[in-house]
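Have a look at the structure below before the remarks.
The values are calculated or read from the model by the stated rules, or taken from the named source; none is laboratory data. These numbers were taken from a predicted model, which means no experiment stands behind them. A quick note on method: Cβ atoms are made from the backbone with ideal geometry, for glycine too, and the neighbour counts reach across all protein chains shown. Only protein heavy atoms, including side chains, enter the accessible area calculation; ligands, DNA and RNA are left aside. Shrake-Rupley method; radii C 1.70, N 1.55, O 1.52, S 1.80 Å.
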Amino acid sequence: MLEIRNLNARVEGADILRNLSLSIKPGEVHAIMGPNGSGKSTLGNVLTGRPGYEVTSGEVLFNGKDLLSQEIEERAREGLFLAFQYPVEIPGVTNMEFLKASVDARRKHLGLPDLSSFDFMKLARETSKRVSLDAAFLKRGVNEGFSGGEKKRNEIMQMMLLEPSLCILDETDSGLDIDALQVVAGGVNAMRDDKRSFIIVTHYQRLLDYIVPDHVHVLAGGRIVKSGGKELALELEAKGYSWLEDEVA
Amino acid sequence: MTDFQTTDFQQRALTLAGQQQSPAWLAALRFEGSEQWLNADWPGRRTELWKYTPLQALQKSTSAGWSSALPQGAGSAALLTIDAIRLVFVNGVFDAKASTANHDSVVRFSNANDAQRSLIEKHLGRIVDTKRHLFASLSNAWVQDGVLVHVPRNVVLEKPVYVVHVSTPEAEPVIANQRLLIVLEDNSQAELIEHFASDARTQNSFVNALTEVSIAANSSLQHYRINLEQEAQIHIGGVHIDLQRDSRYSGFTIAEGSALKRIDYQINHRGNGAYASLNGVYLPRNNQLVDYHTNVEHWAPHCTTSEIFRGIIGDSARAVFNGRILIHPDAQKTLAELSNRNLLTSDKAEVDTKPELEIYADDVKCAHGATVSQLDQTAMYYLQSRGVSKTQARTMLSFGFINELLQDLPQPAVRDYLQHHLTVLFGMDTGTGLS
Ligand SMILES: Nc1ncnc2c1ncn2[C@@H]1O[C@H](COP(=O)(O)OP(=O)(O)OP(=O)(O)O)[C@@H](O)[C@H]1O
Ligand SMILES: [Mg+2]
């Protein structure tokens, strides 16, 4: 599904990712943890092609194809999805308009027929219910004035509508109340199958009680310094990161 | 400096103005206007108020030059769907068939009764400052007819007044004079929609449109001014408003560009506690020009002004925005805010923006700012990261930038009309009906 080999990336002249390698197979859930500023969001940004994030060397294969040469929107249409740590507000563009444009683009790419406006609105309303967002949020500007938790739920709604094959959740659990956390976890679990893969970036073991990962990685200083099973998350929760940095150093 | 010769255009326009039939009681105003028009210096590049907006388009060198319009049927302009007191003019000529029946509060000058006539005499040409507004003097010289909206004390006008000016090409280029006078007495309320439209054919008229508004104590006016004509249309418009104690003016204006389009707003806070908001949108493309000049003067204390203008300038188009707020010494406790944001969507597009704040009182809160920018890159990335193409993302963000000012318009008929117009203009009708 995703094959990252010796990825080096730079932001604003600073090297952030250093020789990062990671392999994700269909159906797997990988959790990535690590200290603030270690490069977790940078990884998601580089994978999705965010402007300003420069890959200096390495390669990434997504479904066997070279990912890094693709346009941002191509990657998305191919099934890559990033739930943003900080979702973007777009006043004046309604959520509904935005979601329809996204879903239209993805469906077209997959060779599926356009959904009629009526069918789409129905689908959008059902999906918003699944993430406990009132349908009124569909008429508002994209993320405009949404609370932190509402923004995160809106991201999950987009994920559900787009049905991506690889979902990266960047701290989707941060700022969520207990109920919302379960909504998000429930959404992810409902979408888990033997083809779809997830990268869950989080600081908290708590989320991983709900979404049980197959692998846990620690990202520090721009590289993966330790990988293990779900028990690694518990160990990190207990011990923090410093022992790993000692181990690396 | 300028040469003091009267230009051919001034001469020609005045001749036409003189040929207009009008009630005798308007003669004094017309005479005064004629004098001023003829003696005015023709604006040149050094004329501050016209610095970025050349008037060459008026000095047409066609053998025929300008003439005045003959009555004819309305063209096929797309109008609002609205239950309103409607008056339709075609190239300045009243079209009774397309208009609703007479209404007590809305009359043409030519049908005014004695009371209405004295109101007109009292206010017409008195709210506008003709020394500052050259084309107002032409309007005065020309005034053959016009519309009076008079809302008596304690009355809430039951329907919006919808005044439509349709332009349609004539055999020879024509000048059309449009005149509107709104008088709200104490504690009254009204809604006015001015709509300048044309059919899709290449236009050859010059519309000189002047609106004067007097809002008495505790009264409020909701005002829309829509300028969506074919791009050969020449339009010079002025809206001049006097606000008395605790009155409210809420204005919205939108203009596509044309060979020459200049719109002036003058708002005078004359009584304590008056409130004015004015939001505007301009969208010149191709080789078009739009020039908005707004001048808000605070003469009295405790008044509030909120002004937001946004423009998208494409292709080789040009926009001019000059927003001045002048706070006179007596206007303590003024609150005034002016923001102007511009989006340039091409390398050749141009905007000259100049917010001006002049403050002569010491206890005031004022803010103003102007920006010229490209689309928000983070928002572009966000949209693209959901599979939306770059082109579509640009369109959506441009639409959103303008829609922020449309989505809260209190009159749904105007809002829906403009949102639809913009989705078509921007080529982004996705059919959710929720643009
Ligand atoms: N656009 C940018 N401009 C400048 N520096 C950046 C930019 N993006 C990331 N960085 C820097 O790169 C480093 C890694 O940032 P990143 O956001 O990937 O960290 P993170 O692991 O996601 O941290 P957190 O847990 O706090 O979200 C940080 O030092 C950050 O300041
Ligand atoms: Mg991060």
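Sequence-distant or interchain residues sharing an amide H contact under 5 Å with B:Ile182, placed H: which?
For B:Ile182, the qualifying residues are B:Val149, B:Glu212, B:Val213, B:Ser214.
Before rounding to the nearest 500, sum -39500 (n - 2.57) across all DSSP H runs of length at least 4 in the protein assembly as shown and divide by the residue total; then give [θ] at 222 nm in deg cm²/dmol.
-8000 deg cm²/dmol
For the range B:378-435, what is the Kirkwood hydrodynamic radius in Å, using each pair of distinct C-alpha atoms?
11.9
Is there a quick way to get the dipole size of the range A:65-117? I mean about its Cα centre, with the Cβ of Lys and Arg at +1 and of Asp and Glu at -1; what is the value in debye to the nearest 20?
The dipole of the range A:65-117 has a size of about 180 debye.
For a 29 Å ceiling on Cα separation, which of these pairs sit above it: A:Lys139/B:Lys354; A:Lys139/B:Lys348; A:Lys100/A:Lys195; A:Lys129/A:Lys230; A:Lys108/A:Lys129?
A:Lys139/B:Lys354; A:Lys139/B:Lys348; A:Lys129/A:Lys230
Once Rh is set to the Kirkwood radius over Cα pairs, what Stokes-Einstein translational diffusion coefficient, in µm²/s, holds for chain A at a temperature of 37 °C and a viscosity of 0.692 mPa s?
Translational D for this selection: 176 µm²/s.
Can you give the FRET efficiency for B:His368 and B:Asp129, using 1/(1 + (r/R0)^6), R0 = 30 Å, r = Cβ-Cβ distance, to the nearest 0.05?
Between B:His368 and B:Asp129 the formula returns 0.85.
With unit charges on the beta carbons (Lys and Arg positive, Asp and Glu negative) and the dipole taken about the Cα centre of the range B:3-271, which residue among B:Asn140, B:Val166, B:Asn39 sits farthest to the positive side?
B:Asn39
Where does helix A:117-130 land angle-wise versus the long Cα axis of chain A, in degrees 0 to 90, nearest 10?
50
Output ³J(HN,Hα) for the range B:168-184: one whole-Hz value per residue in order, computed from phi by the Karplus curve 6.51 cos²θ - 1.76 cosθ + 1.60 with θ = phi - 60°, and x for Gly and Pro.
8, x, 10, 4, 10, x, 10, 10, 10, 9, 10, 9, 9, 10, 10, 10, 9
Using a 10 angstrom Cβ neighbour count of at most 11 plus a DSSP loop assignment to flag exposed trypsin sites (Lys or Arg not before Pro), which longest range of chain B is free of such sites?
Here the longest segment lacking exposed loop sites spans B:132-435.
Magnitude of the Cβ-charge dipole of the range B:3-271, K/R +1 and D/E -1, about the Cα centre, nearest 20 debye?
In debye, rounded to 20, the range B:3-271 gives about 280.
Could you give the dipole magnitude of the protein assembly as shown about its Cα centre, charging the beta-carbon of Lys and Arg +1 and that of Asp and Glu -1, in debye to the nearest 20?
In debye, rounded to 20, the protein assembly as shown gives about 680.
Please work out, to two decimal places, the log10 of the ratio I(q)/I(0) at q = 0.09, 0.10, 0.17 Å⁻¹ from a Debye calculation in which every Cα of the range B:153-260 carries one identical scatterer.
Summing over Cα pairs of the range B:153-260 leads to -0.27, -0.33, -0.77.
Equivalent ellipsoid semi-axes for the range A:119-189, as square roots of 5 times the alpha carbon gyration tensor eigenvalues: give them largest first, rounded to whole Å.
Semi-axes from the Cα gyration tensor: 17, 15, 11 Å.
Provide, for the range B:3-271, the number of lysine pairs with alpha carbons under 21 Å apart, each pair being eight or more places apart or on different chains.
Lysine pairs meeting both conditions in the range B:3-271 amount to 7.
Please compute the alpha carbon radius of gyration of the range B:3-271, then divide it by the globular-protein estimate 2.2 N^0.38 Å. Two decimals is fine.
0.96
What angle do you read, to the nearest 10 degrees and between 0 and 90, between the alpha-carbon axis of helix A:148-162 and the longest principal axis of chain A?
Long axis of A:148-162 versus the principal axis of chain A: about 80 degrees.
Between B:His420 and B:Thr15, what is the label-to-label distance in nm when each label sits 7 Å out along the Cα-to-Cβ direction?
It is 4.4 nm.
Rg(Cα) of the protein assembly as shown divided by 2.2 N^0.38 Å?
Here the Cα radius of gyration is 1.17 times the empirical estimate.
Looking at the range A:185-249, which trypsin sites (Lys or Arg not before Pro) are DSSP coil and have at most 13 other C-beta atoms within 10 Å of their C-beta?
When the trypsin sites (Lys or Arg not before Pro) of the range A:185-249 are filtered for loop state and at most 13 Cβ neighbours within 10 Å, A:Lys195 remain.
What figure in square angstrom, to the nearest 10, would you give for the accessible area of B:Thr371 with a 1.4 Å probe?
For B:Thr371, solvent-accessible area is about 60 Å².
For the range B:227-234, in order, what is each residue's ³J(HN,Hα) by Karplus, 6.51 cos²θ - 1.76 cosθ + 1.60 with θ = phi - 60°, in whole Hz (x at glycine and Pro)?
10, 10, 10, 4, 6, 7, 4, 9
Using modelled backbone amide H atoms (1.01 Å from N, in-plane), which distant-in-sequence or interchain residues come within less than 5 Å of B:Ser277's amide H?
Residues meeting the amide H criterion: B:Tyr249, B:Ser250, B:Gly251, B:Ser306.
How well do other chains shield peptide A:113-125, expressed as the mean number of their Cβ atoms within 10 Å of each residue Cβ?
That average works out to 1.
With Rg and the Kirkwood Rh both taken from Cα atoms, where does Rg over Rh land for the range A:135-249?
Checking Rg against Rh, the ratio lands at 1.02.
Check the straight Cα-Cα distances from A:Lys40 and name the lysines below 17 Å, setting aside those fewer than 8 residues away within the same chain.
A:Lys226
On each of the three principal axes of the Cα atoms of the range A:1-102, give max minus min coordinate, whole Å, ordered largest first.
Largest first, the range A:1-102 extends 41, 30, 26 Å along its Cα principal axes.
Rg over Rh of the range A:163-223, using C-alpha atoms and the Kirkwood radius, what does it come to?
That ratio is 0.96, to two decimals.
Can you give the FRET efficiency for B:Ser76 and B:Thr391, using 1/(1 + (r/R0)^6), R0 = 35 Å, r = Cβ-Cβ distance, to the nearest 0.05?
0.70
Put +1 on the Cβ of each Lys and Arg and -1 on the Cβ of each Asp and Glu in the protein assembly as shown; which of B:Ala349, A:Leu219, B:Leu338 then has its Cα farthest toward the positive end of the dipole?
The residue sitting farthest along the positive end of the dipole is B:Ala349.
Quote the accessible area belonging to B:Thr202 in square angstrom, nearest 10, computed with a 1.4 Å probe and with ligands, DNA and RNA left uncounted.
100
Which listed residue (B:Ile308, B:His123, B:Leu181) has the Cα farthest towards the positive end of the charge dipole for chain B, taking +1 on Lys and Arg C-beta and -1 on Asp and Glu C-beta about the Cα centre?
B:Ile308
Can you tell me the orientation of helix A:95-109 relative to chain A, as the angle in degrees between its alpha-carbon axis and the longest Cα principal axis, to the nearest 10?
80
B:Lys365: which aspartates and glutamates have alpha carbons under 18 Å from its alpha carbon, excluding same-chain residues fewer than 8 sequence positions away?
Hits, sequence-local ones excluded: B:Glu297, B:Glu307, B:Asp330, B:Glu337, B:Glu356.
Going by a ≥ b ≥ c, the root eigenvalues of the Cα gyration tensor, does the range B:212-268 fall in the rounded group (a/c under 1.5), the prolate group (a/b larger than b/c) or the oblate group?
Note, shape of the range B:212-268 comes out prolate.
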